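The values are calculated or read from the model by the stated rules, or taken from the named source; none is laboratory data. Quick caveat, the model's predicted, so the values are computed rather than measured. Glycine also receives a Cβ, built like all others from the backbone with ideal geometry; neighbour counts cover every protein chain displayed.
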Amino acid sequence: MRAANRLLTDTPETDGRDAAWAFAAYQAIRPRLPQARDAGAAQPVASLSEAVGEVDLVLLDAYGMLNVGETPIPGAADRIGALRAAGKRVAVVSNSAGYPKRHMMARWQRLGFDFTAAEVSSSREALLATLAGDRRHWGIMLDDGHGREDLGDLTVSFLGDDPETYAGVDGFLLIGASGWNETRQSLLAQALAARPRPVFCGNPDLVAPRETGLSLEPGYWAHRLADATGQLPVFCGKPFPSVFDLARLRAGAGIPPDRVLMVGDTLHTDILGGRALGYRSALVTDHGALKSLSCQSCCRAAGIHPDFVMASI
């Protein structure tokens, strides 16, 4: 993993993190991600309506497909309404883990989407479900602005700049990277080197598209931690199964995998995660991870091919 270490320990300024950098970063960590059978060349379609004929449940990524930061993508809400009118079940499957569910739902409403709480599943929820009933004391990478909302019975201390916090906990939860920096990353790596403990990552994304560029997400710091310590975190989020399982459970039992369509902008999370579970998949190219890149070249390089490809949903 030396190549991954060289790539992921280099943190460029915001204007240096572009789509090519993000794709190369995902390629570097590819051996740590799920495996999936290659589907071959994707079928180009004009919109999502051309890809849903043989599916019952449509799983939708958020950032880079429904919105970019706090800006909704034009026409996305109408397209979801059309899916519902056609009798399709829809659900959001998001790696956005930094906010409690209440905040997420208010945000969707503000952006013009009418999802119900049952239609939105996040990697934060998948992580909390994984740790239900856990009685350990966790150090948590998360902005403490919402306090312990949504964290249930978990005992947590927010990770900041005090080394004693890192030393005193039983393990670490990497959920939201707002405010995270090189100093805190170093404290975390040193604490694990001194005493190995469990690490869970509640957002496997390396980056997220925002109005000002690509932000670094918990998955970026988690993989750097693995490079530095040799300890690979447990990931709860795309492309790993737990968040997909949660979304399918909420949508209703009995939907066969080949009647599920995963739609997103990132080959290594949305498309790979869906394909690994036997879902159909559709890649959106114009707003997120592949913006400004050649979709065909990226698919060939990654060995990850969706069933469908479209500019926007």
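Specify the residue that is surrounded by the most Cβ atoms within 10 Å (Cβ to Cβ); the eligible residues are those in region 295-313 that are in a loop (DSSP other than H, G, I, E, B) and in contact with a helix residue (DSSP H, G or I) (Cβ under 9 Å, 6 or more places away or on another chain).
Residues of region 295-313 that are in a loop (DSSP other than H, G, I, E, B), as a first pass: 303-307, 311-313.
Those left that are additionally in contact with a helix residue (DSSP H, G or I) (Cβ under 9 Å, 6 or more places away or on another chain): 303-307, 312-313.
Values: Gly303: 13, Ile304: 25, His305: 22, Pro306: 28, Asp307: 21, Ser312: 17, Ile313: 26.
Ranking the candidates gives Pro306 first.
Can you list the helices (runs of 4 or more DSSP H) found entirely within region 75-141 that contain at least 3 residues being surrounded by 13 or more Cβ atoms within 10 Å (Cβ to Cβ), out of contact with any Phe, Trp or Tyr (no Cβ under 8 Å at 6 or more places or on another chain) and touching a residue at least 60 places away in the same chain (Cβ under 8 Å)?
Numbers: elements: 76-85, 101-110, 123-130.
In region 75-141, the matching helices (runs of 4 or more DSSP H) lie at 123-130.
For region 247-255, indicate whether the set of residues that are in contact with a strand residue (DSSP E or B) (Cβ under 7 Å, 6 or more places away or on another chain), surrounded by 24 or more Cβ atoms within 10 Å (Cβ to Cβ) and under 26 Å from Gly179 (Cβ atoms) is non-empty.
Looking through region 247-255, none of the residues is in contact with a strand residue (DSSP E or B) (Cβ under 7 Å, 6 or more places away or on another chain), surrounded by 24 or more Cβ atoms within 10 Å (Cβ to Cβ) and under 26 Å from Gly179 (Cβ atoms).
I need the strands (runs of 3 or more DSSP E) fully contained in region 166-274, keeping only those with at least 1 residues that are out of contact with any Phe, Trp or Tyr (no Cβ under 7 Å at 6 or more places or on another chain) and not assigned by TED's automatic domain parsing to the domain that holds Ser292.
On the way: elements: 171-174, 199-201, 207-210, 213-216, 260-264.
Qualifying strands (runs of 3 or more DSSP E): 199-201, 207-210, 213-216.
What number goes with the only condition from (1) closer than 30 Å to Asp144 by Cα; (2) in the same structural domain as Thr266 (by TED's automatic domain parsing); (3) of a type in the set (Asp, Glu) that Glu54 does not pass?
(1) is the only condition that Glu54 fails.
Considering only region 142-152, state which residues are part of a loop (DSSP other than H, G, I, E, B) and either assigned by TED's automatic domain parsing to the domain that holds Phe244 or over 16 Å from Phe200 (Cβ atoms) (or both).
First pass over region 142-152, keeping only residues part of a loop (DSSP other than H, G, I, E, B): 142-143, 147-152.
Matches in region 142-152: Asp143, Gly147, Arg148, Glu149.
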